[in-house]
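Following: one structure in structure tokens, then a few remarks.
The values are calculated or read from the model by the stated rules, or taken from the named source; none is laboratory data. From a predicted model like this one, the values you see are computed outputs, not experimental measurements. Glycine also receives a Cβ, built like all others from the backbone with ideal geometry; neighbour counts cover every protein chain displayed. Please note that ligands, DNA and RNA were not included when accessible areas were found on the heavy atoms of the full protein model with its side chains. Shrake-Rupley method; radii C 1.70, N 1.55, O 1.52, S 1.80 Å.
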Amino acid sequence: MEDQACPRCKTTKYRNPSLKLLVNVCGHTLCESCVDLLFLKGSGSCPDCHIPLRRVNFRVQLYEDAAVEKEVDIRKRILRDFNKKEEDFATQREYDDYLEEVEDIIFNLSNNIDVVETNKRIEQYKRENKELIQKNKHKWGKKENELEELLEQEKLEQEEKRQEMAKLELELQKKKVQQKEALIDELMFSEGDAKSIVQTFASNIQATKEELQVAPKATGFSSGIKFSQQSSSGFLPVPKIEEGPKYKYVPISQDFEGPTPPNWKDLKSKGFLSNVRPTNDMDKASGFEVSVPCLRALQEAMSCLYHNPKTHRKEQIAETI
Amino acid sequence: MFPVSSQKKHWLFTDEKEIAQLREQANAAYIVKHGSHMTKEKRENHFLSCQEEESLLRYWEISMKKFCKNFNPPMPKATAATSLHYFKRFYLRNSVMDYHPKYIMVTCIYLACKVEEFNVSILQFVANVNGDKEKCCNIIINNELLLMQQLDYHLTIHNPFRPVEGFLIDIRTRFPSLENPDDLRPLIDEFLEKVFSTDAVLIYAPSQIALAAILHAASSTKANLDSYVTDLLLSREQLKNIVAAVKEIRMMVKGIPATISVETMKLLEKKLEKCKNPENDPDSDIYKQRMEEMIDEDDISNNKTYAKLTHSQSECSNDKILDQIFDQSICN
């Protein structure tokens, strides 16, 4: 900090806390009061390097090292013209070469190497690429405009928020005053117990405070995108399925048209299974149980045993009618 | 389940008379169609009669059984039985003169192999056929759809073999006084084989046929199953009906007429050669011509569509050119 001093009047930040160091294109610093003094006419020469300077070009020094400041300045100026982009080059190699050239120029200018030569190079480049520069400038402008608009909007919103907050605070204060007055009025004119009156007021205030503490729901991300739209369109409401009467299981019944065959239980209890070959391990592994074909054979033996060919046709006709 | 099957609904008939009637109808329909220009006497001489058709069918049924027995890999009985079912059903609606039994026979067996999940490829199948294998392949493939259509696509067949197993399990469980029910098996199998030479499968339910087979086998070995049937299996009201059915089935099996001699068979074949429908004979010129025509028809229809397409495209391009000329004239 103590290094920050004006090279002309030797004032330091320590002695003058409001010291403002300014810098110009040459990269040499001057304090604000010296600038005022030296550039009364709007232009003059730098006390260090005697380069003619304009007052409007003075700006606040951002970096401690003035050389950096100078380089930034030069870079800004150079890049205004050397504004080609990667898309403008056919190969990566060419683009890299171009970037190197730009860096060379900036380095030369900021370190005063071959200044005349370098300036010539810049001029030549400008002449050769006049159209492209113009075009890219336009593009840049567009982009910057957009960004600026965004910033502007954000600023506006912040301003609004601040105003709202201020308003709220004002109201809160007003309310407090009102409540106090009401309390005093109550104490003055009512005939009730003073303690209980104070208590009820205190509890009222507590209640309103709690109400206020419920923060308003955030409706957007910090980036300004509203998330209410996304969340509402992200999930469709689940359609409600109308529930009819509950399903009731009715066991399948079959008319065997013959003697009733045994059922699953009978197979074991009445000993049918002991008369077929037992289920072996291999069968079990494949999910096979002897009881299934056993029952099937029995069912098929009994089914339609009462079949009567003489009446069969008549029954069919009756069925179709 | 048999009670709700298509077999019970559509393919069980009242008696042998009804079946004979159906066959007569098929025979008559063919004669009317192909012999309208002949006198009555000439017709009788030229075409096969119903009896002649029947004896031919019986001959072919026997050769069908032989074919199935000698089939390699060995064919399950149910598959052979199913194919016989198909064969019988097919000739209820069609005359022997319209479709030669030897072609329908192989087709029936091949279809039965598929339906009964007896997995053989067609090459494996025709390896069992004597003669031209490739021709046989073509016959099967050409006739398979026809056969299914004539069967009304009722392909599931309930055979009496499983009911026999059911009865044997039941006898062993509920009627232990019969000592060795498995001794009956050879006789049962013999009976069932004979049953398929009759029309019993077109009249009675498979369980009834199975019961008839078991009772027949029991009476042949002098085993007594009467009390099983009367006391355990059936109630008194139903008894009469079933006993009658069993009796009828056994009568039918007993009454199988003797197979015709090879000489008469050859005579009949000669007669058939003259009166058969040449359109369905793969050896005839008409059949070959028809097949070619069918292929040609496909080509022709393809050509037609192609012509149509090219025509519409050319029209379209003409329109475009006209438009262009029109535009140009306006510009000028």
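Can you give me the % of accessible surface on the protein assembly as shown that is carbon or sulfur? Probe 1.4 Å, all protein chains present, nothing else counted. Kindly include the intermediate steps, with their values, before the conclusion.
Working: 23690 of 43930 Å².
Looking at the protein assembly as shown in its full context, I get 54 percent from C and S.
Using only alpha carbon pairs under 8 Å that are at least six residues apart, calculate the relative contact order of the range B:176-283 and give it in whole percent. Mind dumping the intermediate values first?
Numbers: 53 pairs, mean separation 33.9, N = 108.
Here the relative contact order equals 31 percent.
Determine ³J(HN,Hα), in whole Hz, for all residues of the range A:120-137 in sequence, where each value follows from phi through the Karplus function 6.51 cos²θ - 1.76 cosθ + 1.60 and θ = phi - 60°; x replaces Gly and Pro.
4, 4, 4, 4, 4, 4, 4, 5, 5, 10, 3, 5, 4, 4, 4, 4, 5, 4
Provide the per-residue ³J(HN,Hα) series for the range B:230-242, in order, calculated from phi with Karplus coefficients 6.51, -1.76, 1.60 and θ = phi - 60°, each as a whole number of Hz, with x at glycine and proline positions.
Those phi angles translate into 6, 9, 8, 7, 10, 8, 4, 5, 8, 4, 4, 4, 6 Hz.
Loop-only trypsin sites (Lys or Arg not before Pro) in the range B:149-235, please: DSSP not H, G, I, E or B, and at most 15 other Cβ atoms within 10 Å.
Working: sites: B:Arg172, B:Arg174, B:Lys194, B:Lys222; in loops: B:Lys222.
Those satisfying the criteria are B:Lys222.
Restricting to Cα pairs below 8 Å that are 6+ residues apart, what does the relative contact order work out to for chain B? Please round to a whole percent. Intermediate values should be presented prior to the final figure.
On the way: 265 pairs, mean separation 70.0, N = 332.
Rounded, it is 21 percent for chain B.
Counting only other chains, what is the mean number of Cβ atoms within 10 angstrom of the Cβ of each residue in peptide B:237-250?
Numbers: counts 1, 5, 0, 0, 6, 6, 0, 2, 6, 0, 0, 1, 0, 0.
If you average over the peptide's residues, the count of other-chain Cβ atoms is 2.
What is chain A's relative contact order, in percent, from Cα pairs under 8 angstrom and six or more apart in sequence? Spell out each step's value before the answer.
Numbers: 198 pairs, mean separation 25.2, N = 321.
This gives 8 percent for chain A.
For B:Thr310 and A:Leu150, FRET efficiency with R0 = 45 Å and r from the beta-carbon atoms, rounded to 0.05?
Details: r = 61 Å, r/R0 = 1.35.
Using R0 = 45 Å, I get an efficiency of 0.15.
With the dipole of chain B worked out from charges on the C-beta (+1 for Lys and Arg, -1 for Asp and Glu) around the Cα centre, which of B:Ala80, B:Asn241, B:Leu151 lies farthest toward the positive end?
Final value for the positive-end residue is B:Asn241.
Sum -39500 (n - 2.57) across every DSSP H segment of at least 4 residues in chain A, then divide by the residue count to get the 222 nm mean residue ellipticity, nearest 500. Provide the component values of the computation, followed by the final result.
Details: 11 runs with 178 residues, N = 321.
Mean residue ellipticity at 222 nm (helix-derived): -18500 deg cm²/dmol.
Once amide H atoms are built 1.01 Å from N in the peptide plane, which residues 5 or more positions from A:Ser45, or in another chain, come under 5 Å H to H?
For A:Ser45, the qualifying residues are A:Leu53.
Which far-off residues, 5 or more places away or on another chain, put their amide H under 5 Å from the one on A:Thr29, with H placed in the peptide plane?
Result for A:Thr29 returns nothing.
With n ≥ 4 as the cut-off for DSSP H runs, can you work out [θ] at 222 nm for chain B, using -39500 (n - 2.57) per run divided by the number of residues, rounded to the nearest 500? Present the calculation step by step, with values, prior to reporting the outcome.
On the way: 14 runs with 226 residues, N = 332.
It lands at -22500 deg cm²/dmol.
Check each residue of the range B:162-181 and keep those whose accessible area, probe 1.4 Å, is at least 10 Å² smaller with all protein chains in place than in the chain alone; give them in order of residue number.
Checking the loss per residue gives B:Arg162, B:Pro163, B:Gly166, B:Phe167, B:Ile169, B:Asp170, B:Arg172, B:Thr173, B:Arg174.
Across peptide B:199-209, how many C-beta atoms of other chains are within 10 Å of each residue C-beta, on average?
On the way: counts 0, 0, 0, 1, 4, 5, 11, 5, 13, 7, 0.
Counting Cβ atoms of other protein chains within 10 Å of each residue's Cβ and averaging gives 4.
Nearest 100 Å² is fine: how much accessible area is buried between B and A, summed over both sides, with a 1.4 Å probe? Provide the component values of the computation, followed by the final result.
Values: alone 19610 and 27160 Å², together 43930 Å².
Using a 1.4 Å probe on protein heavy atoms, the buried area is about 2800 Å².
Whole-Hz ³J(HN,Hα) for each residue in the range B:189-202, computed from phi via Karplus 6.51 cos²θ - 1.76 cosθ + 1.60 with θ = phi - 60°, x for glycine and proline: what do you get?
4, 4, 4, 4, 5, 5, 3, 6, 8, 10, 9, 4, 5, 8
Name the lysines eligible as straight-distance cross-link partners of A:Lys10: C-alpha to C-alpha under 16 Å, and not fewer than 8 places from it in the same chain.
Straight-distance partners of A:Lys10: A:Lys20.
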